[in-house]
Every structure is written in structure tokens, then in C-alpha cells.
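Have a look at the structure below before the remarks.
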Amino acid sequence: MRVSTQSYLFYLFVFLLSIPFPAFADTIVDTNIFENTTWTKVGSPYLVQNEIAIDQNATLSIEPGVIVQVDFGGIDVLGRLLVRGTSNEPVLFTSPTRWNGLWFSNQNTTSSLDYVVIQNAHAVSNYYSKGLSVSNTTIENGDYGIETYGSHLSLNNFSVRNISENAIDMYGSDATLKNITLKIPRDKMVVFTG
């Protein structure tokens, strides 16, 4: 039996339509997070449209390759934020304009950022939290790099590029710093021990 070219193309087309492809769709985030939540690459990009908070009893986990675009405000971490990118698929926090950044202030649990790129943020701020572990992470094109006040902070393979203010501000905190790269015009780190 001989199949015509048109029939062959038709069956090929139908076959290709039956193959599942991962879909990527914008996910709008405009309310606080009150329960354990996971942001996946399939739901990416996540469009944060106003200031949001992760409730003190909630954990937001972000998987490799996710893009978080903050159109306004920032993310206040009263609970726990676990961001786990990879070297091939880092997690990107970005915005077309300046945004407030990430604010950590949970005294009961630790948060972590691993393989993350943070762009155009005011700062990553760690206020009187139990702990923040940041590794394989870059902060670029913002105001400050990271600020920590009365908290526990661990930085490993951390870099800051092209920011307008201090790369690292530490006030009354204990910190472990390893493999830090500062590429800013002033290469500035401020430490206050009081």
C-alpha cells in the first residue's frame, strides 16, 4: 500500500500534536502566602503584583529555573523561604524597575537561597531572624547587596555587582563569609559589632 505525501504529512501532524510539551504560563501572585506552597518551573514566571508576605507558619519553596518578576513591592518572609536553583537552572528574581527586595524576619526558623540571581532590588535584608543561608548567589543592579541586623548569616560563593550603595551591611550579627566577590565601583562592606 502506497501512502501519498499529503496523507503522510497529515498523520505526522496529528502525531506531533499528541506529544505532550511542558507549558509555561504566567502565574499572578497578589496575595500573601498562608500555607506551604511550591513554585515550579511549569508555573513560571511568577508575577508578584504587590507587596506580599510569607506567613510565619508557611514555607514557600521555589524550584530550579523559576523566574519571579516583582512588578511592585517585595517579599516579606515572616515564615520560611527555601529557594533551590541549580548551576544550570538558577532561580531569577527580577523587575523592570526597582523593587523592595527580600526581607527576612523570622526568629523561629531559617531560610536559604541557593543558586539565585537577584536583580534590581533595593536589598536582601535579614532583620533579627534565626538564620539566613545564602550560597551560589549573585545580587546585581540594585541599591544594596545584603543587610543583616541582629541575625545569623551565612554567605558562601556570594557575589555583588553594580550596586549603588554598600555591598554588605552587618549590624550586631554573627556571620560566616566564604568566597565573596564584590564587583561594584566602591567595593564596600560595612560591619558594626555593637
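Summary table
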| item | result |
| --- | --- |
| Cα gyration tensor, segment 50-194 - rounded (a/c under 1.5), prolate or oblate | rounded |
| Cβ-based net charge around residue 122, under 10 Å, with every Lys or Arg adding one and every Asp or Glu removing one | -2 |
| From phi via Karplus (6.51, -1.76, 1.60), per-residue ³J(HN,Hα) for segment 72-78 in Hz, x at Gly/Pro | 7, x, x, 10, 9, 9, 8 |
| Amide H within-cut-off set for residue 65, under 5 Å, with H built and near neighbours excluded | 86, 91 |
| Relative contact order (%) - criterion: Cα under 8 Å, at least six apart; region: segment 19-123 | 22 |
| By accessible area with a 1.4 Å probe, ligands and nucleic acids excluded, highest first: order of 80, 98 | 98, 80 |
| Karplus-derived HN-Hα couplings along segment 37-48 (A = 6.51, B = -1.76, C = 1.60, θ = phi - 60°), whole Hz, x at Gly and Pro | 9, 10, 9, 10, 4, 4, x, 6, x, 9, 9, 7 |
| Residues whose placed amide H lies under 5 Å from that of residue 44, excluding near-sequence neighbours | 25 |
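The values are calculated or read from the model by the stated rules, or taken from the named source; none is laboratory data. Owing to the predicted nature of the structure, the values given are computational and were not obtained by experimental measurement. As a convention, Cβ positions derive from the backbone with ideal geometry for all residues, glycine included, and neighbour counts pool all protein chains shown. For accessibility, only protein heavy atoms count, side chains too; no ligands or nucleic acids. Shrake-Rupley method; radii C 1.70, N 1.55, O 1.52, S 1.80 Å.
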